[in-house]
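The values are calculated or read from the model by the stated rules, or taken from the named source; none is laboratory data. Just so it is clear, the model here is predicted, and its values are computed rather than measured. Quick reminder, even Gly has a Cβ in these numbers, built from the backbone with ideal geometry, and neighbours come from all protein chains shown.
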Amino acid sequence: MVRAKLGLSAVLGMLWGFPGASLCHAEEPSPASITVSEIQPIVDFLASDTLQGRDAGTEGGLATAAYLAHELKNLGLQPQTGDDFRQPFGQGFQNVIAVLPGGDPQLTDEWIVLGAHFDHVGFGNRTNSQGPFGQIHNGADDNASGVSCLLEIAEALRLGAPLSRTVVIAFWDAEEKGLLGSEHWLKSQPTLAPIKFYVNFDMVGRLKDDRLTVFGVRTALRLRSQMIHANQSDMHLDFDWSQRDDSDQHSFYQRHIPYLMPFTGLHYDYHRPSDDVEKLNVEGICRVGRVMTRCITELANDQRPGALQFRGESRREVVAALPQNIPPGRLGVSWSPNWRPGMPLIVTLIESNSPAAMAGLQPGDEIVRVNSTAVRDTQDFMALLRSAPCESTLFVRRAAEGSPAELTIQLRGCPLPDGMSIALDPPEPETSILTRVQPQSEAAAAGFLPGDHLLGVVEPTPRFRQRRWQVERAGRIRLIPPSPETEATPTANGSGNPNSPEPSR
């Protein structure tokens, strides 16, 4: 059924009189201010027949731009240029851009850009719709959901303490015509140097089974870690390493600007008239908004080395290939690869600046004991090192001395259960990824799984199996309890690198 078109004056008249369309100011600046009662009227209006599918350059599209400019003004944000939030371009198109200045004089000239496209496909045609054509395509999920989410995030940021970096709020027009809005804005900037990061909101309205897909986590350092710490809920995060080219983040990614993009997934109603507001999970939009507000706050304030620097390696990385970068040994010593059972374990090489070097270990030293446990063979020694506390005691025998010397040593990394192999993941320098968990091992009994990201020990105790481990699995931080088995000497196959040609720990 073809619905009647309204004139622009009627659209604007309904716009200014629409109840609840304006954002309410929360008393406290917090992600908790993002609520269903604020999101619902926004998506109701944006996905109403009044705006006729928000096709770029049409009366409905222009009315949507006017609405967004009105809301940004009410929030107390400032236009990027001049006194109008709207930036015309192309064939009657309009981006809507606002700025929230940063509060750190050293970082205020660096920008975090947050974007969502507000246009849709109008009445649909063979080039942009899956049919039926000639009916209003309201685009509730695509992308009234992303626009409403970003408006609420803008409010939460505006009411909060000033962020270190400047935040640019961008509502793009003509995304459905080929990313025209974001492309125009980027090309019109005098320089791209201030733009340090981009967050894209496109189709976040169909959260199902608490699963949210996140793109872009490998485009800069520590993005996965920032997302999981922002995820203060039971939401399952699926980190997708692929690089999509069908939304505005691609305009930034092509210019070597790192990004994040939350996404609740494709569905049958995509680019159909049936993408209506009653099918939205509005509480899900709120949950996405809260997580992303926390993450954006961290991004805007992050001053760690390498923060927000683009990783070109992300172009080639695929999730099927887990990282295989073996971490450095905890001690930093090597012994003869020709060692045989019954031979003493004699140190042949010590890494410079390693824990062994700093503790005074010397080539030619025979390692006798680790803490209170005697070293029987090399496998035993490696297992002992894996499970030893960071501060440990090494007993060594030297040729010129009769009794073993006692050395206090600060081992690298954290102690690990037997039966797991770990690797370093380049974009997450503070964590390790489990690449293998041996069946029926101590690690398997404790509940570790391949793919877990090991964050550290949260309950260090002298008894190894009473420790609790903090891991990230599917975007959620969880504690792994100790194995129920009684304490015993570590088994012989816990080195995690059995194929190493030169033993080094």
task = Could you tell me which residue of the stretch 26-69 is surrounded by the fewest Cβ atoms within 10 Å (Cβ to Cβ), considering only residues that are more than 15 Å from E176 (Cβ to Cβ) and β-branched (V, I, T)?
result = V36
request  = Restricting attention to the stretch 180-205, report how many residues are surrounded by fewer than 22 Cβ atoms within 10 Å (Cβ to Cβ) and over 19 Å from T166 (Cβ atoms).
outcome  = 3
task = Check the stretch 303-316 and report whether any residue there is free of Cβ contacts under 8 Å to residues at least 40 places away in the same chain and among the charged types (D, E, K, R).
result = yes
ask   = Among R369, R376, R315, R398, which is out of contact with any strand residue (DSSP E or B) (no Cβ under 7 Å at 6 or more places or on another chain), more than 30 Å from W111 (Cα to Cα) and of a type outside the set (F, W, Y)?
value = R376
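Conditions (1) modelled with pLDDT of 90 or more; (2) outside the structural domain of I39 (by TED's automatic domain parsing); (3) buried (at least 16 other Cβ atoms within 10 Å of the Cβ), marked per residue:
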site: E283; (1), (2), (3): yes, no, no
site: V291; (1), (2), (3): yes, no, yes
site: C295; (1), (2), (3): yes, no, yes
site: F310; (1), (2), (3): yes, no, yes
site: R330; (1), (2), (3): no, yes, yes
site: P363; (1), (2), (3): yes, yes, no
message = Looking at G289 and the list (1) out of contact with any Pro (no Cβ under 9 Å at 6 or more places or on another chain); (2) in contact (Cβ under 8 Å) with a residue 12 or more places away in the chain, which single condition is not satisfied?
response = (1)
remark   = Those residues of the stretch 290-311 that are in contact with a Ser or Thr (Cβ under 9 Å, 6 or more places away or on another chain) and either on the phi > 0 side of the Ramachandran plot or not charged (D, E, K, R) (or both) come to a total of 6
note = Among (1) touching a Leu at 6+ places or on another chain (Cβ under 8 Å); (2) closer than 27 Å to L308 by Cα, L385 falls short only on (2)
query = Condition test on P417, is it touching a Lys or Arg at 6+ places or on another chain (Cβ under 9 Å), at pLDDT 85 or above and in the same structural domain as R330 (by TED's automatic domain parsing)?
reply = no
